[in-house]
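**Q** Got a structure for you, written out below as structure tokens; questions coming shortly.
Just so you know, all these numbers are worked out from the coordinates, no wet-lab data involved. As the structure is a prediction and not an experimental result, all values here were calculated from the model. Don't worry about glycine lacking a Cβ; one is built from the backbone with ideal geometry, like all the others, and counts go over all protein chains shown.
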Amino acid sequence: GRGDALPRAMGVHGLWDLLAPCTRRVSVEMLARQRLAVDASIWLIQFIKAMRDDRGEMTPNAPLLGLFRRLCKLLYLHARPVIVFDGETPELKRKTLAKRRAVRDRQERNLKKAAEKLLLHQLRTVMGPRAAVGPQGAP
């Protein structure tokens, strides 16, 4: 189902499976002259993650550019988008976001440690044992 295409850690688990019997995919042209609600936060996150340059950096103003382009397309089709900005983050979601942040921070620390070990190994290979001395004279 559609839920298979989405990351498992995001959103309401099983939502697409629950909704599948009463949904159908439509082309954007089918939205012409329709009023539709748009979850702004989903769109903005999509643009932040997807709009990247050749180095993998976010394109400057990606959220604004993406929002502008999608809205232009909908307006071109005479659709009437209603942009929805949800309110305060619910407690459960705040906890989930804090857990994700902690995991990401731990992964970044582990990556930094691994990179330092790899660099030190390479230095020892190239320069010998004297490369093992750090800035304070400690290995």
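**Q** Count, please, the residues in the stretch 14-24 that happen to be surrounded by 12 or more Cβ atoms within 10 Å (Cβ to Cβ) and touching a helix residue (DSSP H, G or I) at 6+ places or on another chain (Cβ under 8 Å).
**A** Residues that pass the stated criteria total 4.
**Q** Give the number of residues within the stretch 28-74 that are touching a residue at least 40 places away in the same chain (Cβ under 8 Å) and either of a type in the set (Lys, Arg) or under 22 Å from Gly87 (Cα atoms) (or both).
**A** 9
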